[in-house]
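Everything on this sheet refers to the single structure shown next.
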Amino acid sequence: MLRITNEEKVAFWFVTPFVAGFALFYLLPTLYAFVISVLDYNSFKSLSDLHFAGLSNYIAVLKDPIAISSFGRSFLFMICYVPGVIIAALLLSMLFNATFHLRTLARTLIMLPYVTNVVAIAIVFSILLNPYDGVVNKLLVAVGVEHPPLWLGGIHTSLPTIAGVEVWHSVAFPTIVYLAALQGVPKDLYESAELDGAGRFKKFMSVTLPLISPTTFFLVITNIIGSFQNYAIFRNLTNGGPGTSSRVISLNIYEEAFAYNKYSFASAQAILLFAIILVITIIQWRGQKKWVHY
């Protein structure tokens, strides 16, 4: 007969709240979205009038140019955002890992953008990046730039501009994680590398990067997932504009569901987004063996 130890009982009670919360707020909504995606719930009607639609909503998504382009813009945003936030966090963590005056204050200030309301951030950057009266473009004109970028007002610049703003907003968390990883690197490895004649760059490439590669792997996965789910910054900065130049898939799903009442159509997009993120994550898990060192 299987005996349950006291430690296992305690562990069970600790895990239960998380499992219950995950099932209630993540698993059940995902299953509900999948059920809706195979129904014809694309207008206000009684639940008794709903019919099974099969894969018709998924086929409609694949035929919809706005939905497909929204998926593409989400990929472009990911390409701009993820490398930017990873590189910025790594550089900042290396800076904060060094000894300098007011280091504690600097480590505290890095958290300010992370805890700032997204609406406030959008208002401030909309003012700063105004293409005609903004402070940034006025400074660029003052130093000799004749035609400064339109930033949030340009169809080619809005998406990378939002990515840059989001890097500034969310860089604090990966910086703290990287800082903890850097402080866990044994100092004797750096001393051994110095005895072998390694310089700063060689120590960084041969010692630091391999030992913090599990942290990099974790941050890459979480930030890729977050980049596809990012909604608030797009909604408050451009609302998908100008035109549809920054209409990413998260914003498109919201608009289709709550502006046009196409709940099944929006749910099909959400399930496809879930499948895409799942495939990317699986590919990363398979590929980590080549560059992640535990």
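Quick notes on this structure:
- Residue in the stretch 229-252 that is surrounded by 18 or more Cβ atoms within 10 Å (Cβ to Cβ), free of Cβ contacts under 8 Å to residues at least 24 places away in the same chain and among the hydrophobic types (A, V, I, L, M, F, W, C) present: no
- Criterion violated by N261 - all others in (1) surrounded by fewer than 17 Cβ atoms within 10 Å (Cβ to Cβ); (2) farther than 26 Å from Y41 by Cα; (3) among the polar types (S, T, N, Q) satisfied: (2)
- Residues of the stretch 87-128 satisfying the condition of being touching a helix residue (DSSP H, G or I) at 6+ places or on another chain (Cβ under 8 Å), of a type in the set (G, A, S) and either surrounded by 14 or more Cβ atoms within 10 Å (Cβ to Cβ) or closer than 21 Å to S250 by Cα (or both): A88, A89, S93, A122, S126
- Candidate set from the stretch 105-153 (those that are polar (S, T, N, Q) and touching a residue at least 24 places away in the same chain (Cβ under 8 Å)); member that is farthest from F234 (Cα to Cα): T116
- Contact map, the stretch 258-273: first residue in contact (Cβ under 8 Å) with a residue 60 or more places away in the chain, second residue among the β-branched types (V, I, T), Cβ cut-off under 6 Å, separation 6 or more or different chains; pairs are Y263/I36; S264/I36; S267/I36; A268/V61; Q269/V61; Q269/I253; A270/I253; L273/I249.
- Hey, P160 within 22 Å of the chain's Cα centre (by Cα) and of a type outside the set (K, R) or not: yes
- Extreme residue, nearest to L128 (Cα to Cα), among residues of the stretch 156-175 that are surrounded by fewer than 18 Cβ atoms within 10 Å (Cβ to Cβ) and of a type in the set (A, V, I, L, M, F, W, C): W168
- Looking across the stretch 193-226, just one residue is surrounded by fewer than 13 Cβ atoms within 10 Å (Cβ to Cβ) and either among the basic types (K, R) or in contact (Cβ under 8 Å) with a residue 24 or more places away in the chain (or both), and that is R200.
- Remark: pairs (first residue in the stretch 181-192, closer than 18 Å to L91 by Cβ; second residue modelled with pLDDT of 90 or more and part of a helix (DSSP H, G or I); Cβ separation under 6 Å; 6+ apart in sequence or on different chains) = A181/T215; L182/S93; L182/N97; V185/L211.
- Test: residue in the stretch 43-51 that is touching a strand residue (DSSP E or B) at 6+ places or on another chain (Cβ under 9 Å), surrounded by 12 or more Cβ atoms within 10 Å (Cβ to Cβ) and modelled with pLDDT under 90: yes
Every residue, every condition in (1) assigned to a helix (DSSP H, G or I); (2) small (G, A, S); (3) more than 27 Å from H156 (Cα to Cα), yes or no:
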{"residue": "I4", "(1), (2), (3)": "no, no, yes"}
{"residue": "V19", "(1), (2), (3)": "yes, no, yes"}
{"residue": "L31", "(1), (2), (3)": "yes, no, yes"}
{"residue": "V35", "(1), (2), (3)": "yes, no, yes"}
{"residue": "Y41", "(1), (2), (3)": "no, no, yes"}
{"residue": "G54", "(1), (2), (3)": "no, yes, yes"}
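- For the stretch 176-188, taking the residues that are in a helix (DSSP H, G or I) and exposed (fewer than 15 other Cβ atoms within 10 Å of the Cβ), the one that is nearest to the chain's Cα centre (by Cα) is identified as A180.
- Yes/no for G84 being exposed (fewer than 13 other Cβ atoms within 10 Å of the Cβ), at pLDDT 95 or above and assigned to a helix (DSSP H, G or I): no
- Options S227, S192, S206: the member that is of a type in the set (S, T, Y), modelled with pLDDT of 95 or more and farther than 30 Å from L50 by Cβ: S227
- Residue count for the stretch 255-265, restricted to those that are in a helix (DSSP H, G or I), in contact with a Phe, Trp or Tyr (Cβ under 8 Å, 6 or more places away or on another chain) and of a type outside the set (F, W, Y): 3.
- Enumeration of residues in the stretch 129-140 that are loosely packed, with under 15 Cβ neighbours inside 10 Å and either touching a strand residue (DSSP E or B) at 6+ places or on another chain (Cβ under 8 Å) or assigned to a helix (DSSP H, G or I) (or both): V135, K138, L139
- Selection from the stretch 12-53 of residues that are more than 29 Å from the chain's Cα centre (by Cα) and closer than 14 Å to I271 by Cα: L39
The values are calculated or read from the model by the stated rules, or taken from the named source; none is laboratory data. Small disclaimer: the values here were computed from a predicted structure and weren't measured. Note that each Cβ is placed from the backbone with ideal geometry, even for glycine, and that neighbours are counted across all protein chains shown.
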